[in-house]
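Here the structure is laid out as structure tokens; the discussion comes afterwards.
The values are calculated or read from the model by the stated rules, or taken from the named source; none is laboratory data. Bear in mind that the values here come from a model prediction, so they are computed numbers and not experimental data. Every residue, glycine as well, gets a Cβ built from its backbone with ideal geometry; the counts of neighbours run over all protein chains shown. In case anyone asks, the SASA skips ligands and DNA or RNA and just uses the protein heavy atoms, side chains included. Shrake-Rupley method; radii C 1.70, N 1.55, O 1.52, S 1.80 Å.
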Amino acid sequence: MILSKSNFFLMADTNLKGLTLAGLEQFIVSIGEPKYRAAQIYQWLYKYRVTSFDGMTNLSVALRQKLSETAYIEQFSVATSQTSKADGTVKFLYELSDGKKIETVLIPPRVTAVDAEERMTLCVSTQIGCALDCTFCATASMGFIRNLTTGEILNQFLTAQTFSEKPITNIVFMGMGEPMLNYDNVMSAIDIITDQNGIGLSSRRITLSTAGYANHIRKMADEDRKIKLALSLHSLRDDVRTALMPLTKKFKVEDLLAALEYYNKKTKKSVMLEYIVFEGVNDTDQDVQLLIKAARRLDCRVNLIPFHSIDITNPKGYSAHLHGASKEGLEQIWKKLRANDVITFIRHSAGVDIDAACGQLAVKNELEILN
Ligand code: SAH
């Protein structure tokens, strides 16, 4: 059979990076090979992390040739990377196959941390831009561009790992985008990351943070997902939370707390409540009392977060008037929560000097395109 050029490209169009074992099985059968080959390829891709078919040495030369004619293994190119002089945080700007760009942040532990030797955290993006319009978040200024594929989510990890001397031990889905709005791709990536035949990280070391999709929180509980769940809460008052996070119009604070209670009950697992402390917005006595009351309803820990500037996006209106509480202000709330037996931590800000801290991810090139 003579293949025309266009046929050939069509056939070589399957990107194997990102396929689950079931997806690889489907592919391998479709090219007339026995199903068990899929498990071998799966290990090569994720456990041994080869970047070409030539590296898959337990496959015959003929099969490797056939694979290279029918499929490819997507790779990332790093457009730029910046390293924080203050704390060693590295921000990667990756260029995707369609020319779009995303950011991923590699966060070393603080030298004083008890597990400083072992820990290395990667903050991963799930979407290009974001549709949710949270007033305090830089990513919102990009608008929503598209969901990342499972392969693109995995490649953030696989590429960052090649740059990191130490193994990456923890992943937080706290980069650009809302993970629950790309649920299937994110969960497939997590399945591969936590599989012992895949990347092999412990599910206890993976945290997914949501802006508040109560329905997906319940879905995660029903599916008995083993990863950790965090909720960007930021206020217990619907009016204040709506001003900060318009998604509150759809899922009210009470819907979210009820979903977390359900999650606690169903999975027997604790959740994290994330709370950026804004001066004069959500730091009054009443706010703290509401936070204590909510925390007591749940099996949870509270993470108080210093607000990171989003000035890079030239915020206007409500966003321009948001200011983070002082260090003392944060500590006072921490003390009040602790005094009421609420397990509370203050989040350490990493990478502020390179705009890599929580909420600061916004690809400037994409911003220019949109503006
Ligand atoms: N969409 C998800 C994940 C991305 S945000 C979510 O909303 O949770 C990841 C974390 O960064 C969340 O805790 C979020 O509340 C926090 N964050 C966003 N903007 C921030 C900012 N400007 N300063 C500090 N934290 C911010």
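For the reader, a short list of remarks on this structure follows.
- Estimated dipole of the stretch 77-370 in Debye, rounded to 20 [Cβ of Lys and Arg +1, of Asp and Glu -1, Cα centre]: 720
- Separation of the Tyr318 and Asn58 label points, Cα + 7 Å toward Cβ, nm: 5.6
- With 26 Å as the limit on Cα-Cα distance, the pairs of Lys266/Lys336; Lys85/Lys335; Lys17/Lys101; Lys166/Lys336 that go past it are Lys266/Lys336; Lys85/Lys335; Lys166/Lys336.
- For the chain, the longest principal axis of the C-alpha atoms and the axis of helix 21-30 are separated by about 30°.
- For the chain, Cys with no neighbouring Cys Cβ under 4.7 Å: Cys123, Cys130, Cys300, Cys358
- Cα-projected label distance for Asn197 with Ser68, points at 7 Å along beta-carbon direction, nm: 2.6
- Of all lysines in the structure, the ones whose alpha carbon falls short of 24 Å from that of Lys268, not counting any fewer than 8 places away in one chain, are Lys219, Lys226, Lys228, Lys252, Lys293.
- Percent carbon-and-sulfur accessible area, the chain, ignoring ligands, DNA and RNA, probe 1.4 Å: 53
- From the alpha carbon centroid of the stretch 165-190 to that of the stretch 277-335 is 25 Å.
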